[in-house]
1. For the stretch 44-64, what are the residues that are in contact with a helix residue (DSSP H, G or I) (Cβ under 9 Å, 6 or more places away or on another chain) and either loosely packed, with under 10 Cβ neighbours inside 10 Å or farther than 24 Å from residue 79 by Cβ (or both)?
2. Mind checking whether some residue in the stretch 24-31 is touching a residue at least 12 places away in the same chain (Cβ under 8 Å), out of contact with any helix residue (DSSP H, G or I) (no Cβ under 8 Å at 6 or more places or on another chain) and not in a helix (DSSP H, G or I)?
3. Being farther than 14 Å from residue 84 by Cβ and touching a strand residue (DSSP E or B) at 6+ places or on another chain (Cβ under 6 Å) is the filter; apply it to the stretch 13-31 and report the residue that is surrounded by the most Cβ atoms within 10 Å (Cβ to Cβ).
4. Could you list all residues from the stretch 71-83 that are in contact (Cβ under 8 Å) with a residue 40 or more places away in the chain, in a loop (DSSP other than H, G, I, E, B), more than 10 Å from residue 22 (Cβ to Cβ) and under 15 Å from the mean Cα position of the chain (by Cα)?
5. Would you confirm whether or not the stretch 18-32 contains a residue that is over 13 Å from the mean Cα position of the chain (by Cα) and over 17 Å from residue 93 (Cα atoms)?
6. For the subset of the stretch 35-65 comprising residues that are modelled with pLDDT of 95 or more and not in a strand (DSSP E or B), which member is nearest to residue 25 (Cα to Cα)?
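The values are calculated or read from the model by the stated rules, or taken from the named source; none is laboratory data. Owing to the predicted nature of the structure, the values given are computational and were not obtained by experimental measurement. Cβ placement follows ideal geometry from the backbone for every residue including glycine, while neighbour counts extend to all protein chains displayed.
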């Protein structure tokens, strides 16, 4: 399954020094929850994500309001991303 969305880069309140995420919109998250995916730690799903010219593999993690995609430092640096920036994200779910 391939999805695309826009989201704001946010810093995780519990780990303010280094954890940044973008959140998958609620409607897309609801669609993802309906997929027949194998069980994984914390309900996560493996994905290949792309922002700008940067592609990487990681997982999305479910939360109360939807899934969250972590943005590691290498991605933030490569795309010059900061907290509050709005980005276009393309995600291929590879756990199906």
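1. 53, 62
2. Taking every residue of the stretch 24-31 in turn, at least one turns out to be touching a residue at least 12 places away in the same chain (Cβ under 8 Å), out of contact with any helix residue (DSSP H, G or I) (no Cβ under 8 Å at 6 or more places or on another chain) and not in a helix (DSSP H, G or I).
3. 24
4. 83
5. yes
6. Looking at residues that are modelled with pLDDT of 95 or more and not in a strand (DSSP E or B), I get 52.
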